[in-house]
Amino acid sequence: MFTIPSPTIVNTSSRPLSETTIVRRKTRPVRVGHVTIGGGHPVVVQSMINEDTLDVEGSVAAIIRLHKIGCEIVRVTVPSLAHAKALSEIKQKLVETYLAVPLAADVHHNGMKIALEVAKYVEKVRINPGLYVFEKPKPNRTEYTHAEFDDIGEKIRETLEPLVVSLRDQGKAMRIGVNHGSLAERMLFTYGDTPEGMVESALEFIRICESLDFRNLVISLKASRVPVMLTAYRLMVQRMNELGMDYPLHLGVTEAGDGEYGRIKSTAGIGTLLADGIGDTIRVSLTEAPEKEIPVCYSILQALGLRKTMVEYVACPSCGRTLFNLEEVLHKVREATKHLTGLDIAVMGCIVNGPGEMADADYGYVGKQPGYISLYRGKEEIKKVPESQGVEELINLIKADDRWVDP
């Protein structure tokens, strides 16, 4: 194996330094059922059920649970032909009992027959270039010749073409999903275990699809290490810009783990790229129930101003000037208003930071003197009330503006 020098990555963000709104990379729209990825549409939230796809009833129930809490595309694993055929029943039951939820099927390991079958029932098929045509490693190999490299490339084309034609003719989509941990052996020999190898792996499959006039593609380059993931996506954008490609990107940090660190790790990777305008659909991969992933996705999008799906709470960190138990009051305000959509509510401990720091909020709850709080609408102070009545009066103010809905 020879070493490829690390490529120079250019700044892929088109946002001026003084711009406070994220300017997203322009991409082509890719339809996945009734959902559109890219093309200026809102960033799409995805997750994946962990039920065995052969369990039709369990899979249907899991898909519905995810969709009801905001998952817009649900992925299912399809490790065998039997699993692929089970998706026919799953799709039928969803349509009959609920909705035609857009489904993506995960196909691995010599998956042409599986992919062709499952393409009949789902809106998107995800393939992994490193596994779609399995290359049995040779333990004593020291290099790949150009002939060997090209021979495998031709085999990939022969295996991929029927799926591409099927999806193209049905108006369906494909995700070319490269994983850092499963690069094909010849890519590892040629480029090393590098982001460049990930990008070239994706480009090989993209070119095959384009040669067959199929461009309903979404691309992902996931890694479990955030720096690798960031570099891979940025390099992919750079290479697509050079080649005149405008495919939307699916972002994720694979195998992020669980708990607080899994959330921080996912946010560090996904949020960093989104802030630069890169990314059209996201999945937070947690070692927890899939339902736990959706709130993290929406929190990332909300924090960046890309989607407004919940109340945005602005609260100071508390200090010696704070005139009430800020943590307790914030909890009370949140519990009373968390079901609302699209509001900004500020809870500030004192007058020093209050009006200035919460200037962009719709409503403010500010400590002004011991035992009393002031309620604001925008920058305007509306009334001063006893602290014991603060949350109730905040609700009344929101109701008076006809912005309240019952939980």
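Any read-out appearing in this document is the output of simple, stated calculations on the displayed coordinates, not a laboratory observation. These figures come from a predicted structure and were not determined experimentally. Note that each Cβ is placed from the backbone with ideal geometry, even for glycine, and that neighbours are counted across all protein chains shown.
Just a few scattered comments:
- As a length-normalised measure over Cα pairs under 8 Å and 6 or more apart, the relative contact order of the stretch 30-303 settles at 19 percent.
- Trypsin sites (Lys or Arg not before Pro) within the stretch 73-163: DSSP coil, no more than 13 neighbouring Cβ in 10 Å: R141
- The Cα trace of the stretch 16-156 gives Rg and Dmax of 19.0, 56 Å, the first to one decimal, the second as a whole number.
- Residues whose placed amide H lies under 5 Å from that of Y372, excluding near-sequence neighbours: E387
- Going from the fewest other Cβ atoms within 10 Å to the most, the residues D106, D52 appear in the order D52, D106.
- Residue-count net charge about L103 - beta-carbon cut-off 10 Å; Lys, Arg +1, Asp, Glu -1: +2
- Residue exposure sequence - F149, F214, F189 - by fewest surrounding Cβ within 10 Å: F149, F189, F214
- For D151 and K308, the difference between the fully extended length at 0.36 nm per residue and the C-alpha to C-alpha distance is 51.6 nm.
- Net charge in the neighbourhood of K332 (other residues with Cβ under 15 Å of its Cβ; Lys, Arg +1, Asp, Glu -1) is -4.
- Relative pair counts by distance (%), Cα atoms of the chain, 10 Å bins: 5, 20, 26, 22, 14, 9, 4, 1, 0
- Mean separation of Cα pairs under 8 Å and 6 or more residues apart, divided by the residue count, gives the stretch 163-229 a relative contact order of 46 percent.
- Bridgeable lysines around K265 (alpha carbons under 24 Å apart, same-chain partners fewer than 8 residues away excluded): K222, K292, K308.
- The lysines within cross-link reach of K368, meaning a Cα-to-Cα straight distance under 18 Å and a gap of 8 or more places when in the same chain, are K379, K383, K384.
- Whole-Hz ³J(HN,Hα) from phi, Karplus 6.51 cos²θ - 1.76 cosθ + 1.60, for the stretch 137-153, glycine and proline x: x, 9, x, 9, 5, 10, 6, 10, 6, 4, 5, 5, 4, 5, 4, 5, x
- Amide H to amide H, with H built 1.01 Å from N, R175 comes under 5 Å of V125, R126, I127, V218, counting only residues 5 or more places away or on other chains.
- Neighbour-count ranking [beta-carbon atoms within 10 angstrom, fewest first] of I219, I208, I37, I382: I382, I208, I219, I37
- For I382, the amide hydrogen comes within under 5 Å of the amide hydrogens of L375, Y376, R377, counting only partners 5 or more places away or on other chains and with H modelled in the peptide plane.
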